[in-house]
Amino acid sequence: MMVAVEGIIDEKEYQELIKKGVDGHSVPIDFHGYNNYPDYWPFWSSQPYTYVTNMLALSKFSNTYELSVKHE
């Protein structure tokens, strides 16, 4: 699940939302890197995300390879 906001949030409301958290989970304030979380990073365990990023990598490789072969 991903939660997003569009627009500008007033500072007071923003601070209240951070204290409230999301679905019972606290909102991380400091970012210490992707590999420093006690739990898993949600996108890395997502099968659809993994599939899409693999397809993107393969298509970029395929396009690069085809371009290099055409120029030889």
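The values are calculated or read from the model by the stated rules, or taken from the named source; none is laboratory data. Remember, it's a predicted structure, so these values are computed and weren't measured experimentally. Cβ placement follows ideal geometry from the backbone for every residue including glycine, while neighbour counts extend to all protein chains displayed.
Structural remarks
- Checking every residue in the stretch 24-37 against the condition of being modelled with pLDDT under 70 and surrounded by 10 or more Cβ atoms within 10 Å (Cβ to Cβ) gives at least one match.
- Residues of the stretch 38-72 that are small (Gly, Ala, Ser) and either assigned to a helix (DSSP H, G or I) or modelled with pLDDT of 85 or more (or both): 45, 57, 59, 62, 68.
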